[in-house]
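Step one of this worksheet: look at the structure below.
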Amino acid sequence: MSTRLEGLWASRTDGPQESAITLTGVSKVYPGGVRALDRVSLTVASGTFIAVMGPSGSGKSTLMHCAAGLDSSSEGSILIKGQEISGLNETRRTELRRERVGFVFQSYNLVPSLSVADNITLPLRLAGRAPDDDWLRMLIERVGLTDRLSHRPAELSGGQQQRVALVRALVAGPAVVFADEPTGALDVRSARQVLDLLRDLVDELRQTVVMVTHDPAAAARAHQTLVMADGRVIDHLWAPTAAELAGRLAALGEV
Ligand code: ADP
Ligand code: MG
């Protein structure tokens, strides 16, 4: 990375040991009584790429939604960069989410009528903020979209659309990017490109990424993997291989 980019980034990040997210004793009981999260405690250090795996219904999406402030937890404490988000009302949670969290979804969620450039800056404009042009240009260049800025999403491949979504998630300089099955709709080659980009952005720029995935090969690109079952984190693996992860999930009954 160029010195200039490092300078640009240094102004956006904090000390090396800072925690991006800290959950302490977090439970989520849905109306109707399903306990989707059962006293989950975990810390995600800044600059970490962490994957979340586990059988269907184990609580992965609920964990992501609560940790990102999309939904409220029933008990426990959730800190994003030291700021408590549990117990906030909907309005404050929405503000905090806009300021501190980026999202990437399986289905890209781009606005079809807007150009790539306008899609990328939409969340900032909704928040009444102006993009940092140097940062924006660097990100667009980094993901290889410079010559696609005036295109509509339908004129792009799935992999390109997901790279637009990735820049959109990063443009406000979020504390954490949450990605829910970001490669779920992509062919193998595009999936690898997007995963490589995610990994590089974490390693080069110290972005923090939490990625929910069913794919052991995708999780193996992360630094760490959490394995969930029945609303609990039952394993925390450092740099597991895809084969190790596949074996662990098979043991839980996940094919
Ligand atoms: P995963 O993402 O691992 O498949 P979820 O977090 O979606 O799991 O779901 C965990 C549990 O919570 C499941 O039993 C699911 O049926 C239940 N659940 C999820 N969302 C809701 C909801 N909005 N209302 C009630 N129960 C829900
Ligand atoms: Mg889910």
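Just to confirm my filter: which helices (runs of 4 or more DSSP H) fall fully inside segment 87-183 and include at least 2 residues that are out of contact with any strand residue (DSSP E or B) (no Cβ under 8 Å at 6 or more places or on another chain), at pLDDT 90 or above and among the basic types (Lys, Arg)?
Qualifying helices (runs of 4 or more DSSP H): 90-100, 133-142.
Six or more apart or on different chains, Cβ under 8 Å: which pairs go from a residue in segment 183-197 that's farther than 18 Å from Met53 by Cβ to one that's of a type in the set (Asp, Glu) and not in a helix (DSSP H, G or I)? Could you list them?
none
So which of Leu122, Leu110, Leu96, Leu149 ends up being under 26 Å from Gly184 (Cα atoms) and crowded, with 18+ Cβ neighbours inside 10 Å?
Leu110
If you go through segment 44-82, how many residues are over 15 Å from the mean Cα position of the chain (by Cα) and either within 15 Å of ligand 1 (Cβ to nearest atom) or without any contact (Cβ under 8 Å) to a residue 60 or more places away in the chain (or both)?
Here the count works out to 14.
State whether one or more residues within segment 63-78 are at pLDDT 95 or above, within 12 Å of ligand 2 (Cβ to nearest atom), among the hydrophobic types (A, V, I, L, M, F, W, C) and buried (at least 19 other Cβ atoms within 10 Å of the Cβ).
The answer is yes, given that some residue of segment 63-78 is at pLDDT 95 or above, within 12 Å of ligand 2 (Cβ to nearest atom), among the hydrophobic types (A, V, I, L, M, F, W, C) and buried (at least 19 other Cβ atoms within 10 Å of the Cβ).
The values are calculated or read from the model by the stated rules, or taken from the named source; none is laboratory data. Everything numeric here is computed off the predicted structure, so don't read it as measured data. For neighbour counting, all protein chains shown are included, and Cβ atoms are generated from backbone atoms with ideal geometry for every residue, glycine included.
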